[in-house]
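Quick notes on the structure that follows.
The values are calculated or read from the model by the stated rules, or taken from the named source; none is laboratory data. Just so it is clear, the structure is predicted and the values come from calculations on it, not from any experiment. Every residue, glycine as well, gets a Cβ built from its backbone with ideal geometry; the counts of neighbours run over all protein chains shown.
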């Protein structure tokens with residue numbers, strides 16, 4: 001009896017597993033059959049696929065306000081009013097047909113043929129709702145005092161008087177501003193969003209004007225905004241609606257932990273030009289995974305940091321692979337904590353600038369990056385010739401690698417070398433810790449080299465890694481001596497103003513505590529960089545005046561060294577030409593300069609303009 | 001008298017190890033690495049100045065193990081890194097084995113509520129995911145300058161539990177043996193029964209575990225360095241391997257073969273030396289394993 005039972009169980013198990021295997025195979029083939037059926041009517045026009053690598057939250061909720069948003073699918077899902085090409089200064093209309101900027105008013109005329117992927121038209125009401133949503137959820141941008149929709153295709157933004165002139169650029173080009181919260185998807189939250197946004201703005205403007213905010217108003221705002229945020233955060237359109245209606249060019253249709261499949265929005269205004277109907281995102285689990293995927297043609301484009309020898313090997317193994325670099329509009333710098341007495345001494349900072357071999361640091365860290373050989377003027381290396389005049393350059397100190405010059409500066413300032421170690425004028429050794437964020441490989445490599453060079457010179461420098469997720473906490477609490485960090489960065493509005501704002505009235509000044517409001521000696525008299533930034537903001541439209549202020553800021557930055565820039569970060573872009581897709585623009589094409597801050601914009605632009613086509 | 005006991009100790013414990021081939025080779029390898037860690041840095045100077053143009057130089061007389069991604073001599077780094085590898089990982093393994101043995105023996109011998117309480121503690125440490133726990137530790141100890149012993153103890157905290165569980169199982173089976181019963185009947189103290197009767201028999205087993213823990217301790221110590229808990233040491237073999245694999249991408253270029261090879265070779269040799277010694281120890285002290293007798 002027992003043996004009969006055993007045989008029966010064995011047969012059952014074999015049948016069960018065999019059925020399971022067949023069922024599994026069936027499930028794998030099913031989606032592709034469905035996809036073929038669904039895309040059949042447009043097969044003659046769009047039959048191509050492009051594969052990229054990115055990250056996304058899983059389980060996928062499809063809520064841009066939820067944790068992780070929609071991940072790397074962002075620029076395919078949401079479109080801004082326009083794309084801006086930094087290299088040419090050209091605005092390429094996307095959801096906007098045109099716009100008009102008057103004093104504190106921006107009028108945007110929307111495309112009449114823009115539709116969501118479920119066929120619903122995109123109207124000015126969606127923009128109004130989006131602005132209310134982002135103000136309610138993110139308490140930003142309060143530069144927009146009110147937004148009106150006089151008709152379905154016109155939006156009027158009334159900006160606050162304190163709004164900076166660079167905000168118009170943000171308004172037109174930020175992906176969050178136009179289509180994040182379609183009314184027909186977020187219909188249950190529309191009134192609540194407006195109420196919370198209005199209340200938040202009221203409090204903000206009272207605070208800005210220096211007026212007291214009534215306690216009951218604060219309490220009401222906290223209660224309503226908490227309730228609203230919780231409701232919105234819990235909303236998962238991809239799960240609730242079973243789809244994610246998008247106004248952008250591609251809609252996520254199937255998302256697993258390792259792959260995201262996106263299908264073309266057949267109602268997209270540029271749909272007729274698109275030759276690619278599917279975007280497959282592979283999970284960017286690590287740089288090495290992306291390297292291997294590029295070699296094997298598993299993906300068509302990506303932008304991983306890659307050592308020089310690996311690039312050479314890759315090009316040999318996969319001749320279809322091309323590489324180009326564009327500026328990431330940021331520089332990686334050595335930043336100092338000015339709360340520490342050691343770094344208040346300008347002589348020490350100048351000596352460090354002379355000790356460091358910035359070419360060597362660039363070589364080991366990001367070999368494709370632009371090197372800062374001589375200056376530390378706060379202007380990105382790739383933009384220096386456009387913004388700094390020859391006359392100004394002649395006034396600036398050159399910080400070329402010169403240990404003899406460093407020794408002289410230190411000796412004149414009372415430092416002395418005892419044995420192998422430099423001592424401060426108070427007899428203490430020049431000793432400090434260099435902190436660096438562990439997960440950023442290139443920063444760690446740069447830090448290793450900086451520590452090595454400073455120790456070889458005779459300082460006592462130790463390296464400390466900041467654990468994952470703790471960078472903000474460590475840097476903002478000032479719990480460091482010196483660190484590797486982003487210095488000047490022109491993200492958002494690619495202009496020196498953005499970089500100097502960051503150095504003297506933004507993120508960098510917040511973490512370094514550089515005395516930006518102090519006055520510094522310059523050839524133009526005693527000037528404060530903080531005041532100059534405010535002045536530049538006011539005079540942005542007056543080109544001559546703006547240039548004059550930029551020269552002054554460059555002088556102060558170079559001579560008083562709030563940070564020492566190590567190299568200008570670049571974005572290396574690798575793309576496979578001719579395997580699955582072709583039609584990539586030449587390496588000199590200004591379109592690539594759109595990549596920093598959202599490389600998917602470049603892919604989106606190339607697909608929606610019909611430049612990127614499938615290989616037949 | 002003392003001389004006599006030393007002589008007995010030599011003939012009972014040392015000579016058999018020197019006669020056994022496995023333990024002899026293991027001892028030679030470990031002695032080599034201990035010498036490398038103690039004397040090596042005095043003989044081989046370390047120059048960490050990077051020279052990108054000389055990266056990935058093949059092994060030569062000038063650079064016996066070649067150069068790395070930074071153009072720095074790999075041999076010099078291996079020699080100087082052996083100090084932190086030997087001190088930190090061996091110490092961490094030692095602490096893990098010590099804690100695991102004491103708690104494991106106690107759990108195996110003690111019954112009732114005390115035994116169950118110890119068992120619960122072991123289970124807690126077995127199921128706590130070590131990486132998130134390390135992140136919390138990193139946050140807690142971030143501002144403390146921990147020394148090698150403290151770091152080794154922190155590593156050991158996450159390594160002892162599996163050993164304790166295994167040892168408690170061994171003790172449970174040993175404690176019902178006749179000689180333990182005899183000791184109990186003779187009213188021998190608990191300390192004697194635990195550490196003379198039982199623990200003695202576990203020595204080879206504990207020793208093997210000590211060797212196996214080295215790998216785990218090495219991984220943990222690298223993790224601690226990357227979490228900012230331990231002082232960052234670029235010559236630590238684990239850090240070197242991390243640089244080679246994940247930052248320099250040496251696996252993806254033929255030029256980088258020697259870079260990874262020599263680091264792995266030294267790690268493998270160190271662990272293999274330990275394994276040989278532990279196998280030899282087991283053969284010496286467990287006659288059933290002596291195949292040639």
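Looking only at region A:515-525, residues that are part of a strand (DSSP E or B) and farther than 19 Å from residue A:391 by Cα come to 1 in all. Among the residues here, residue A:425 does not qualify as in a loop (DSSP other than H, G, I, E, B) and within 14 Å of chain B (Cβ to nearest Cβ). The sole residue among B:85, B:102 that is surrounded by fewer than 19 Cβ atoms within 10 Å (Cβ to Cβ), modelled with pLDDT under 90 and away from chain A (no Cβ under 14 Å) is B:102. Consider region A:437-466 and keep the residues that are part of a strand (DSSP E or B) and more than 9 Å from chain B (Cβ to nearest Cβ). The one that is surrounded by the fewest Cβ atoms within 10 Å (Cβ to Cβ) is A:460.
Condition check ((1) more than 14 Å from chain B (Cβ to nearest Cβ); (2) touching a residue at least 24 places away in the same chain (Cβ under 8 Å)) across all residues:
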| site | (1), (2) |
| --- | --- |
| A:474 | no, yes |
| A:481 | no, yes |
| A:484 | no, yes |
| A:503 | yes, yes |
| A:526 | yes, no |
| A:529 | yes, yes |
| A:550 | yes, yes |
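For residue A:102, the conditions (1) out of contact with any helix residue (DSSP H, G or I) (no Cβ under 7 Å at 6 or more places or on another chain); (2) at pLDDT below 95; (3) over 22 Å from residue A:154 (Cα atoms); (4) surrounded by fewer than 19 Cβ atoms within 10 Å (Cβ to Cβ) all hold with the exception of (3). Scanning region B:240-258 for residues that are touching a helix residue (DSSP H, G or I) at 6+ places or on another chain (Cβ under 7 Å) and more than 10 Å from chain A (Cβ to nearest Cβ) gives B:240, B:241, B:244.
So how many residues does region A:225-256 have that are exposed (fewer than 15 other Cβ atoms within 10 Å of the Cβ) and out of contact with any strand residue (DSSP E or B) (no Cβ under 7 Å at 6 or more places or on another chain)? Quick ask: steps written out before the conclusion?
So the first thing to find is which residues in region A:225-256 are exposed (fewer than 15 other Cβ atoms within 10 Å of the Cβ), and the list is A:226-227, A:230-231, A:233-234, A:239-242, A:254, A:256.
Pick out the ones that are also out of contact with any strand residue (DSSP E or B) (no Cβ under 7 Å at 6 or more places or on another chain) and you get A:226-227, A:230-231, A:233-234, A:239-242, A:256.
Residues that pass the stated criteria total 11.
Checking region A:487-500 against the condition returns no match, with no residue being under 27 Å from residue B:235 (Cβ atoms), assigned to a strand (DSSP E or B) and away from chain B (no Cβ under 14 Å).
What number of residues within region B:3-51 satisfy the criterion of being within 14 Å of chain A (Cβ to nearest Cβ) and either under 24 Å from the mean Cα position of the chain (by Cα) or free of Cβ contacts under 8 Å to residues at least 12 places away in the same chain (or both)?
Applying the first criterion (within 14 Å of chain A (Cβ to nearest Cβ)) to region B:3-51 yields B:45-51.
Those still in the list that are either under 24 Å from the mean Cα position of the chain (by Cα) or free of Cβ contacts under 8 Å to residues at least 12 places away in the same chain (or both) too: none.
Number of matching residues: 0.
Quick one: in region B:146-187, which of the residues that are assigned to a loop (DSSP other than H, G, I, E, B) and free of Cβ contacts under 8 Å to residues at least 24 places away in the same chain is surrounded by the most Cβ atoms within 10 Å (Cβ to Cβ)? Lay out the reasoning, then the answer.
Kept after step one, since they are assigned to a loop (DSSP other than H, G, I, E, B), are these residues of region B:146-187: B:146-147, B:158-159, B:175-177, B:186-187.
After this cut, where a residue has to be free of Cβ contacts under 8 Å to residues at least 24 places away in the same chain as well, the list is B:147, B:176-177, B:186-187.
Details: B:147: 11, B:176: 8, B:177: 13, B:186: 9, B:187: 6.
That would be B:177.
Within 14 Å of another protein chain (Cβ to nearest Cβ) and more than 21 Å from the chain's Cα centre (by Cα): is that true of residue B:144 in this structure? Against the criterion (within 14 Å of another protein chain (Cβ to nearest Cβ) and more than 21 Å from the chain's Cα centre (by Cα)), residue B:144 qualifies. Per the listing A:66, A:62, A:72, the residue uniquely under 30 Å from residue A:580 (Cβ atoms) and in a loop (DSSP other than H, G, I, E, B) is A:62.
Based on what the data block shows, is residue A:315 within 12 Å of chain B (Cβ to nearest Cβ) and out of contact with any helix residue (DSSP H, G or I) (no Cβ under 9 Å at 6 or more places or on another chain)? Before you say what the answer is, go through the steps one by one.
Working: within 12 Å of chain B (Cβ to nearest Cβ): yes; out of contact with any helix residue (DSSP H, G or I) (no Cβ under 9 Å at 6 or more places or on another chain): yes.
Yes; evaluated as a whole, the condition is true for this residue.
Of the conditions (1) within 23 Å of the chain's Cα centre (by Cα); (2) within 14 Å of chain A (Cβ to nearest Cβ); (3) crowded, with 16+ Cβ neighbours inside 10 Å, residue B:90 fails just one. Which one is it? Going through (1) within 23 Å of the chain's Cα centre (by Cα); (2) within 14 Å of chain A (Cβ to nearest Cβ); (3) crowded, with 16+ Cβ neighbours inside 10 Å one by one, residue B:90 breaks only (2).
The residue list A:430, A:436 contains one member that is more than 14 Å from residue A:335 (Cα to Cα) and either in the same structural domain as residue A:352 (by TED's automatic domain parsing) or touching a helix residue (DSSP H, G or I) at 6+ places or on another chain (Cβ under 8 Å) (or both), which is A:430. Listed by position, the helices (runs of 4 or more DSSP H) contained in region A:268-357 that have at least 2 residues being under 29 Å from residue A:248 (Cβ atoms) are A:287-295.
Matching residues to (1) in contact with a strand residue (DSSP E or B) (Cβ under 8 Å, 6 or more places away or on another chain); (2) buried (at least 18 other Cβ atoms within 10 Å of the Cβ):
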position	(1), (2)
A:519	yes, no
A:526	yes, no
A:558	no, yes
A:565	yes, yes
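Residues that are assigned to a loop (DSSP other than H, G, I, E, B) and without any contact (Cβ under 8 Å) to a residue 12 or more places away in the chain within region A:227-246 comprise just one, A:242.
Considering B:69, B:56, which residue is part of a loop (DSSP other than H, G, I, E, B) and out of contact with any strand residue (DSSP E or B) (no Cβ under 9 Å at 6 or more places or on another chain)?
Working: B:56 fails: out of contact with any strand residue (DSSP E or B) (no Cβ under 9 Å at 6 or more places or on another chain).
Exactly one of B:69, B:56 is part of a loop (DSSP other than H, G, I, E, B) and out of contact with any strand residue (DSSP E or B) (no Cβ under 9 Å at 6 or more places or on another chain), namely B:69.
Filtered by the rule that a residue be more than 14 Å from chain B (Cβ to nearest Cβ) and closer than 12 Å to residue A:577 by Cα, region A:283-300 gives A:297, A:299, A:300. How many of the residues making up region A:147-195 are part of a helix (DSSP H, G or I) and either touching a residue at least 40 places away in the same chain (Cβ under 8 Å) or closer than 28 Å to residue A:236 by Cα (or both)? The total comes to 19. Look at (1) out of contact with any helix residue (DSSP H, G or I) (no Cβ under 8 Å at 6 or more places or on another chain); (2) surrounded by 12 or more Cβ atoms within 10 Å (Cβ to Cβ) and you find that residue B:39 fails only one, number (2).
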